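First up is the structure itself, then whatever we jot down about it.
Since every read-out is calculated from the coordinates, none of them should be taken as a lab result. From a predicted model like this one, the values you see are computed outputs, not experimental measurements. Because the Cβ atoms are built from the backbone with ideal geometry, glycine has one as well, and the counts that use them run over all protein chains shown.
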Amino acid sequence: MKIDGIDKIIIKRLVKDARTPVLSIAREVGISGAAIHQRLRKLEKSKLIDGYKMTINPKSLGYSTTAFVGIFLDSASLYSSAIKRLKEIPEVTESHYTTGDYAIFIKILCKNNEDLMQLLNKDIQGIKGVSRTETFISLDQQIDRQINI
C-alpha cells in the first residue's frame, strides 16, 4: 500500500484523536472533506486502517492490576479449545499464540491481586489442557502507542 503525505497527515491526526473532525483535517491539508472521506475509504479498504475505537481507562472502573500470563499447554492440539475458554473470561483483554516457552501469552486486567489469584486458580488453570501458568504483574506502563508511519 502506497501512502502519500496527505494520507500520513490524516492517519496521524486520527491516531492521535479518532474524533478529529474530517473538515478540520481537510482545512489543514487544503482539500475538501469529501476528498478526505474518499481517502479514508481507500485506506480502510486496503486494511491499513483496521478500525476505530474508544479507549476506556480501566483504573477508573477499579481495575488496578494488569498482568501478563504465560500459559503452558499439555499439547499444541489444545490451543483452539483453550482460546475458546479464554474468550469467555472478560478480564482477558489480549491473547497471543507464541513461540518460545508459552503456547499462549495473555494480558489480563483485575481489580486487585486477590482477584488475579482467583482468576488464575479458578478460571485459567481450570481450563482443560493448561498444565501451568507463569504470571508477571505490571507495575507501570510507560509506552502505549501505535506503530509510527
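Applying a threshold of 30 Å to the alpha-carbon distances of Lys42/Lys111; Lys16/Lys111; Lys8/Lys87 flags Lys42/Lys111; Lys8/Lys87 as lying beyond it.
Length available on full extension from Lys12 to Lys87: 0.36 nm per residue minus the Cα-Cα distance, which gives 23.8 nm. Our analysis of the chain gives Rg over Rh at 1.11, with the two radii drawn from alpha carbon positions and Rh computed by the Kirkwood formula. Largest GNM mean-square fluctuation among Ala82, Ala34, Ala67, using the chain with Cα springs under 10 Å: Ala34. Stretching the chain fully between Thr99 and Asn148 yields a gain of 15.1 nm (0.36 nm per residue, less the alpha carbon separation).
The simple spin-label model puts a point 7 Å past each Cα toward its Cβ; for Ser77 and Ile137 those points are separated by 3.8 nm.
When the chain is fully extended, how far beyond the present Cα-Cα distance does Met1 get from Ser60, taking 0.36 nm per residue of separation?
Here the segment from Met1 to Ser60 would lengthen by 17.4 nm.
Between Leu78, Tyr52, Tyr102, the Cα set farthest toward the positive side of the dipole of the chain (charges on each charged residue's Cβ, about the Cα centre) is that of Tyr52.
Given only helices, namely DSSP H runs of n ≥ 4 each adding -39500 (n - 2.57), what is the per-residue ellipticity at 222 nm of the chain, to the nearest 500 deg cm²/dmol? Can you show the working numbers first?
Details: 5 runs with 48 residues, N = 149.
Result for the chain: -9500 deg cm²/dmol, rounded to the nearest 500.
Evaluating 6.51 cos²θ - 1.76 cosθ + 1.60 at θ = phi - 60° for every residue in the stretch 139-149, the Karplus couplings come out as 8, 6, 10, 9, 10, 8, 8, 8, 5, 7, 10 Hz, glycine and proline recorded as x. Among Met54, Met117, Met1, a tally of other beta-carbon atoms within 10 Å of each Cβ gives an order, fewest to most, of Met54, Met1, Met117.
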